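Below you'll find the structure, written out as structure tokens, and then a few comments.
The values are calculated or read from the model by the stated rules, or taken from the named source; none is laboratory data. Since the model is a prediction, treat every value here as computed from it, not as a measurement. Positions of Cβ are backbone-derived with ideal geometry, glycine not excepted, and every protein chain shown enters the neighbour counts. All accessible areas refer to the heavy atoms of the entire protein, side chains included, with ligands and DNA or RNA removed. Shrake-Rupley method; radii C 1.70, N 1.55, O 1.52, S 1.80 Å.
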Amino acid sequence: MLRFRSLASGSSGNATLVEAFDGLHRTRVLIDCGLGARQLAARLTAAGLSPSQLDAIFITHEHGDHVGCALLIAARFGVPLCASAGTFAALRCAEPPPTWHIARDGQTLAIGGLQLRPFTVPHDA
Ligand SMILES: [Zn+2]
């Protein structure tokens with residue numbers, strides 16, 4: 001089963017929760033984290049989760065409405081981040097910790113029961 005829940009969408013913040021359940025294990029990945037920490041926690045709580053239950057945060061690009069509190073959540077709750085090398089560099093994180101994931105165009109990333117296949121789209125980032 002695969003479920004999606006939009007926590008925020010728009011120029012003031014973007015965050016989408018993706019949850020996979022294979023009958024035994026749940027995997028939860030947040031696609032973008034463009035909110036403040038308090039607002040993100042409130043919206044995750046409304047979805048029945050806490051930030052510590054996220055298996056990863058995938059940052060699509062470095063604009064603030066997509067990054068938000070991602071670095072804070074990663075540091076505070078030990079949630080691994082996924083992003084392109086360019087996005088990590090823009091976030092002044094050119095050498096991400098080994099538990100984080102560098103996304104490459106067309107290459108599948110396995111996170112728990114989810115497989116993510118990022119691809120490049122034109123954008124000013
Ligand atoms: Zn953007």
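Structural remarks
- Summed residue charge, Cβ within 14 Å of Ser9's Cβ, Lys/Arg positive, Asp/Glu negative: 0
- For the range 73-117: rounded, prolate or oblate by the Cα gyration tensor [a/c cutoff 1.5]: oblate
- Area accessible to solvent at Ile111, 1.4 Å probe radius, in Å²: 10 Å²
- Distance between the pseudo-spin-label points of Leu91 and Ala110 (7 Å out from Cα toward the beta carbon): 2.3 nm.
- The charge dipole of the range 2-116, taken about its Cα centre with unit charges on the Cβ of Lys, Arg, Asp and Glu (plus for the first two, minus for the last two), comes to roughly 320 debye.
- With K and R counted +1 and D and E -1, the other residues having a Cβ less than 12 Å from that of Val79 yield a net charge of +1.
- Accessible surface of the range 2-116, 1.4 Å probe, proportion on carbon and sulfur as whole %: 50 percent
- GNM flexibility winner over the chain from Asp32, Asp22, Asp65 (Cα, springs under 10 Å): Asp22
- Theoretical gain in end-to-end length, Phe119 to Ser52 [0.36 nm per residue, Cα-Cα removed]: 21.4 nm
- Charge-dipole axis of the chain as Lys and Arg at +1 and Asp and Glu at -1 on Cβ define it, positive-most pick from Thr99, Gly78, Leu116: Gly78
- Normalised by residue number, the volume inside the convex hull of the Cα atoms of the chain is 104 Å³ per residue.
- Per residue, in Å², the accessible surface of the range 2-116 once ligands and nucleic acids are set aside, probe 1.4 Å: 51 Å²
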